[in-house]
Amino acid sequence: MNATATIARLRALIDHPRTGAEERDAAQRMLGRLLARTASPGRGSGTRRDGLGRHVRIDGIVDAIRTDIAVARTLQPPSDGPEVLVHDAVRGAPEDVTFDVVADGDAVVVVTIDAVPPAWGWVDDAGVPGVSPELQGLADRIAELVNGYNHHRPDGTPRFFGRVRVPGRTLVW
């Protein structure tokens, strides 16, 4: 059996409504290994997605994003040597800031940035309230992280849609 037929059969097994969870997971792992061997460059994949497999469920993506945020918050750059310190907006955010990552259905990932100190996150330019450059940079960094797990299907639609929000406001990215 050639690789194309095997890929088609594994995808059919994964997508079949009566396939059990364990069997679906095993088929996803097999398909991931097979696609890793036969992958073509330029699949339209996110930079972080390849480690999760093609048919990962949205909950797996949410868990991976949570882990990445936690690592970014706690990981300290090496202090030995004359290396240039790279600023990371997630690590540079105030300690009080929290992140909540949830799936909204099967096609939306929502990251909520909560407990933003008003002096750090908001500005008031000539009586018009707005988002501070620091908060916008944080939202952009989170959006970049989320998009790293996304990919576009052959028809051009993304696997999921991502949103970054601060309670009461949705930041555009």
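The values are calculated or read from the model by the stated rules, or taken from the named source; none is laboratory data. Everything numeric in this text was worked out from a predicted model, so none of it was measured. Glycine gets a Cβ as well: all are built from the backbone with ideal geometry, and neighbour counts include every protein chain shown. Remember, those area values only see protein heavy atoms, side chains included, never the ligands or the DNA or RNA. Shrake-Rupley method; radii C 1.70, N 1.55, O 1.52, S 1.80 Å.
Structural remarks
- Residues within segment 17-48 that are at pLDDT 75 or above and either among the aromatic types (F, W, Y) or not in a helix (DSSP H, G or I) (or both), tallied: 4
- Of the residues I7, I14, the single one that is over 23 Å from the mean Cα position of the chain (by Cα), modelled with pLDDT of 70 or more and not in a loop (DSSP other than H, G, I, E, B) is I7.
- Positions within segment 92-114 being under 30 Å from V56 (Cβ atoms) and either open to solvent by 30 Å² or more (accessible area, probe 1.4 Å) or of a type in the set (D, E) (or both), in sequence order: G92, T98, F99, D100, V102, A103, D104, G105, D106, A107, D114
- So A72, is it at pLDDT 75 or above, hydrophobic (A, V, I, L, M, F, W, C), within 28 Å of V111 (Cβ to Cβ) and surrounded by 12 or more Cβ atoms within 10 Å (Cβ to Cβ): yes
- Residue in segment 126-135 that is at pLDDT 90 or above and either farther than 15 Å from I69 by Cβ or open to solvent by 20 Å² or more (accessible area, probe 1.4 Å) (or both) present: yes
- Residue selected from segment 136-168 under the condition outside any strand (DSSP E or B) and small (G, A, S), by the criterion most open to solvent (accessible area, probe 1.4 Å): G168
- If the condition is being in a loop (DSSP other than H, G, I, E, B) and among the charged types (D, E, K, R), then segment 103-135 contributes D104, D106.
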